[in-house]
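A short worksheet on the structure shown next.
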Amino acid sequence: MYTDILIIGAGVIGCAVARELSAYEASITVLDRACDVSEGASKANTGLVHAGFDAEPGSMKAKTNVRGAAMFQDLCEELGVPYVQNGALVVGFEEEDRFVLEGLLKRGEENKVEGLKILSGKEALKLEPNLNPNISYALSIPSAGITSPYELTFALADHAAVNGVSFQFNQEVKNLNLDEDGLWRVTTNQGEFTAKILINCAGEQSAVLHNMISAEPLHIIHRRGQYYLLDRIQPVPFERTVFQCPTKMGKGVVVSRTVHNNMIIGPTAEDIEDGQDTSTTAEGLKTVVEKSCLTWPGLALRSTISNFSGIRAHEKGGDFIIGEVNGAKGAYEAVGIESPGLSAAPAIGEMLRGLIVKKEGLQKKASFVPPIKRPKPFNEMTVEEQAKAVEENPLHGHIVCRCEVVTEEEIRQAIRRPVGATTLDGVKRRVRAGMGRCQGGFCSPKVIDILSEELNLPKTEITKSGGQSYLLTGNITDALKGEE
Ligand SMILES: Cc1cc2nc3c(=O)[nH]c(=O)nc-3n(C[C@H](O)[C@H](O)[C@H](O)COP(=O)(O)OP(=O)(O)OC[C@H]3O[C@@H](n4cnc5c(N)ncnc54)[C@H](O)[C@@H]3O)c2cc1C
């Protein structure tokens, strides 16, 4: 199959680039080895929109983080994605931590992050009374925010798709070659694609793909981060995101609320061999609890609803690598996009779009379709709005997920989106059915029924998250018949 532009990776970076380029005259295809958008690091991170105070001044991380963070509010509003500018604190417990915080303040000011201020322990406790009373100092970062990383990625993909971008899943890129005719020949597990322009946004595999086409090798270190996700708590015990003083492995363990009022604690930072090993370990989770308790002595693990981990793609050189691939005509890349990659994603999309449009001479489309306005979630409506929604569509009167109050209509809409859900996890991340306290214990069978109806597939073909993750093996009547 021929496409003008081929993007490898449907994470937040690939989708941001696809959306930006979908405003130009070109056929665009996004390939991903997974079964859906946002199945890599973009689904398993802290969801923080970093203000940009700790990236090395002048680095690609600093530039894209600060620009990306400034774009977030408008982008999320346009796409209908949750975003809250809740602010952040970096806390220190020792007298000498003041020097670390002053260093961060100076760095942040060099990066042009506004509003940074060192607070005394007393001032910080006034803002966040559930903090450890032994806190000595805190750096306040009022411009930091939080978002839903996968909801952002889905919305970017949907907007790209309504503007003609084709998404193809279960396509693992195995080989890249530049033909004599100047076209890229891309071999996947399913077949072959040819493209004029190639964009590598393959996350933890981005260096492997880079090394197939470049004489200047890159090396990704897989750095796993493990988490606890706690049930929704009202009021949230911390309004602001709370960091501890950073280490050389990263920003350290964070205590934060999410945009859905859960509490998230983590992540660890462990270098591992396998970039797809998202298991959690007793040791890793113990570290998360020990470190989080220092920030939040009142932490109660009985409200845990899930543990998970994500893999950072840390390039050995320590910075993001964004731009043209040296010596590979028509090839572009975003390699080593670890944290703050989510915060930087809108800026990385913008940067690659600017570069590619200029280099390849792309022309703007006469019409660019705006994003489809997402309806207000049923659980955020007032009682009057809910009554009206049910009157207009009785499927809103059928609550499928009781923990998160998600209706049958919302689940059907999640499957019918431009890049719609095809799996149980796809529904869960798009509309939160199964995200609550029971983690899908009650609603999963009903969601399977709806997926089977909407996709016109037998229930035995419905998976949790693609591949062999089937949920049902058959029906009891057939099984009993077999025994007769
Ligand atoms: C623990 C953790 C915490 C983080 N916290 C934050 C945070 O709070 N704030 C922040 O700004 N950033 C954070 N980040 C960083 C952020 O999550 C990433 O920078 C961002 O998600 C990277 O997006 P991506 O699209 O590059 O990668 P991914 O989301 O991993 O997407 C890459 C895609 O490429 C696909 N792919 C790979 N190889 C192939 C192949 N051969 N063929 C086809 N497809 C392929 C994968 O399936 C995947 O879908 C965190 C990261 C981690 C892991």
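How much length, in nm to one decimal, is gained on full extension between Phe442 and Asp478, taken as 0.36 nm per residue of separation minus their Cα-Cα distance? Write down the numbers at each step before the final one.
Details: separation 36, 0.36 × 36 = 12.96 nm, distance 2.42 nm.
Contour length minus Cα-Cα distance gives 10.5 nm.
How many percent of Cα pairs in the range 114-194 exceed 22 Å?
Values: 2009 of 3240 pairs.
Result: 62 percent of Cα pairs exceed 22 Å.
With just the Cα atoms defining each centre, how far is the range 165-230 from the range 358-385? Give it in Å.
28
At what distance in angstrom do the alpha carbon centres of the range 459-481 and the range 53-119 lie from each other?
Between the Cα centre of the range 459-481 and that of the range 53-119, the gap is 47 Å.
Rg/Rh for the range 224-282: what does it come to with C-alpha atoms and Rh from Kirkwood?
Numbers: Rg = 13.1 Å, Rh = 12.7 Å.
So for the range 224-282, dividing Rg by the Kirkwood Rh gives 1.03.
Two decimals is fine: what is log10 I(q)/I(0) at q = 0.14, 0.20 Å⁻¹ for the range 310-458, from a Debye sum with one equal scatterer on every Cα and no solvent?
-0.88, -1.12
Quick one: order Phe154, Phe93, Phe368 by neighbouring beta-carbon count within 10 Å, fewest to most.
On the way: Phe154 30, Phe93 15, Phe368 12.
So the ranking, lowest neighbour count to highest, is Phe368, Phe93, Phe154.
How about the range 45-143: which trypsin sites (Lys or Arg not before Pro) there lie in a loop by DSSP and see at most 16 other Cβ atoms within 10 Å? Present the calculation step by step, with values, prior to reporting the outcome.
Details: sites: Lys61, Lys63, Arg67, Arg98, Lys106, Arg107, Lys112, Lys117, Lys122, Lys126; in loops: Lys112.
Here the sparse-neighbourhood loop sites are Lys112.
Ala215 to Ser306: extension gain in nm, 0.36 nm per residue of separation minus the Cα-Cα distance?
Numbers: separation 91, 0.36 × 91 = 32.76 nm, distance 4.29 nm.
Answer, rounded to one decimal: 28.5 nm.
Can you sort Val427, Val289 so the residue with the fewest Cβ neighbours within 10 Å comes first? Could the numbers behind the result be given before it?
Details: Val427 30, Val289 15.
In order of increasing Cβ crowding within 10 Å: Val289, Val427.
How high is the relative contact order of the chain? Use alpha-carbon pairs under 8 Å, at least six apart in sequence, and give a whole percent.
Relative contact order for the chain comes out at 19 percent.
Excluding same-chain residues fewer than 8 positions from Lys174, which aspartates and glutamates have a Cα within less than 19 Å of its Cα?
Those aspartates and glutamates meeting the cut-off are Asp32, Asp36, Glu39, Glu192, Glu204, Asp274, Glu333.
From zero up to wherever the largest Cα-Cα distance of the range 226-358 sits, split into 10 Å bins and tell me the percent of pairs in each.
All Cα pairs considered, the percentages come to 11, 35, 30, 17, 7, 1.
Taking only C-alpha pairs under 8 Å that are 6+ residues apart, what is the relative contact order of the range 234-389 in percent? Please report the intermediate quantities before stating the final value.
Values: 135 pairs, mean separation 18.6, N = 156.
Normalised by residue count, the contact order of the range 234-389 is 12 percent.
When a footprinting reagent is the concern and you count Cβ atoms within 10 Å, what order do Trp184, Trp296 take, fewest first?
Trp296, Trp184
Under the rule that a partner needs its Cβ under 4.7 Å from the first Cβ, which Cys of the chain have none?
Unpaired cysteines in the chain: Cys15, Cys35, Cys76, Cys201, Cys245, Cys293, Cys403, Cys438.
Could you check the spin-label model distance between Ser452 and Ser120? Points 7 Å from the Cα along Cα→Cβ, value in nm.
If labels sit at Ser452 and Ser120, their model points lie 6.6 nm apart.
For Lys358, give me every one of the lysines with a C-alpha distance below 25 angstrom, ignoring sequence neighbours fewer than eight places off in its own chain.
Lys61, Lys63, Lys196, Lys329
I'd like the FRET efficiency for Arg98 and Thr382, computed as 1/(1 + (r/R0)^6) with the beta carbon distance as r and R0 of 51 Å, rounded to 0.05.
Values: r = 47 Å, r/R0 = 0.92.
Efficiency, from the Cβ-Cβ distance: 0.65.
Restricting the count to DSSP beta bridges whose residues both fall in the chain, what percent are antiparallel, rounded to a multiple of 5? Can you show the working numbers first?
Numbers: 53 of 73 bridges.
Restricted to the chain, the bridges split so that about 75 percent are antiparallel.
Can you tell me what percent of all Cα-Cα pairs in the range 378-480 are more than 18 Å apart?
Numbers: 2504 of 5253 pairs.
Percent of Cα pairs beyond 18 Å in the range 378-480: 48.
May I ask you to derive the relative contact order of the range 378-480, considering only C-alpha pairs under 8 Å and at least 6 residues apart, and to give it as an integer percent? Write down the numbers at each step before the final one.
Details: 134 pairs, mean separation 20.4, N = 103.
In percent, rounded to a whole number, it is 20.
With all distinct Cα pairs included, what does the Kirkwood hydrodynamic radius of the chain come out to in Å, to one decimal, could you say? It would help to have the intermediate numbers written out before the result.
Working: mean 1/r = 0.0425 Å⁻¹.
Every distinct Cα pair counted, the radius reaches 23.5 Å.
Quick note: the coordinates plus some simple rules give every number you see, no bench work behind them. Values in this document were obtained by computation on a predicted structure and should not be read as measured data. No Cβ is skipped: glycine too gets one built from the backbone with ideal geometry, and neighbour counts run over all protein chains shown.
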